[in-house]
Amino acid sequence: MKILALDTATSGCSVAVRMDGETIAGALEPMTRGQSEVVMPMLMGVLDQAGMSVSDVDLIAVTRGPGAFTGLRTGLAAARGLALASGIPCCGVTTTQAIAAAAIDPKNPDRTILVALDSKRADIYVQVFDASGPLMDQPRAVSLDDLPKLIDELGLVGRIDVVGDAQDRARSVLKGEIIKSTAPEIPDARFVAGVAEQVVLSGAPMMDPSPLYLRPADAIVPKNWGRLRP
């Protein structure tokens, strides 16, 4: 199986091609903005590196959130546009899944991974995983004050490895053996492709490539729809 994966959901831009369980080409560039200008040239460069065109791949995978509104729209629009034009299936992968996949060590199945992502607000986006998969059904937006309570409610004991670009904020309010993970803080398309491949091989239904927003947009419709008052 040949998978083309991309991510623009947080503070980076990444593209990778995975074939039969191995990454054969990829690129990742940290950036806080400008993914819309970078993603397609990066994608074409990675395909050239792999010696492929879009029509050669069997599946397109893309992060669907949580993340930045503009970044999510950029990646999803690119992936869905390519899928529609080529007739190739498109699979959504949560941002937290992709980050956790880089941090989970199958040799330590009892180790818990807490993915903590910056929401650019007072709260953070979190999801908890172990080697068998997610321990929470979906990512959540939680305040730092409520994070210890969430960890207690999940019954987590022992070492917790924290990963993500909000890991320092999360660690500041948690007690116990809370370890800063050495895994990348932002999604890497190599792991986006890996998660999508596992879904296909397991026979589980693929996630729809639609945005996963955990908070409403900052922009609101103005009163009177922006018309001048009489």
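The values are calculated or read from the model by the stated rules, or taken from the named source; none is laboratory data. Not measured: the values here are computed from a predicted model. Note that each Cβ is placed from the backbone with ideal geometry, even for glycine, and that neighbours are counted across all protein chains shown.
Residues that are in contact with a Pro (Cβ under 9 Å, 6 or more places away or on another chain) and free of Cβ contacts under 8 Å to residues at least 12 places away in the same chain within the stretch 71-101 are absent altogether.
Of all residues in the stretch 4-29, those satisfying the criterion of being surrounded by 24 or more Cβ atoms within 10 Å (Cβ to Cβ), touching a residue at least 60 places away in the same chain (Cβ under 8 Å) and in a strand (DSSP E or B) are Leu4, Ala5, Leu6, Asp7, Ser14, Val15, Ala16, Val17, Arg18. Would you mind stating whether Leu47 is over 11 Å from the mean Cα position of the chain (by Cα), in contact (Cβ under 8 Å) with a residue 24 or more places away in the chain and assigned to a helix (DSSP H, G or I)? Against the criterion (over 11 Å from the mean Cα position of the chain (by Cα), in contact (Cβ under 8 Å) with a residue 24 or more places away in the chain and assigned to a helix (DSSP H, G or I)), Leu47 qualifies. Please verify whether Asp208 is surrounded by 13 or more Cβ atoms within 10 Å (Cβ to Cβ), touching a residue at least 60 places away in the same chain (Cβ under 8 Å) and not aromatic (Phe, Trp, Tyr), treating the condition exactly as stated. Criteria not met by Asp208. Confirm whether Gly71 is part of a loop (DSSP other than H, G, I, E, B), more than 16 Å from Gln198 (Cβ to Cβ), among the small types (Gly, Ala, Ser) and at pLDDT below 95. The answer is no for Gly71.
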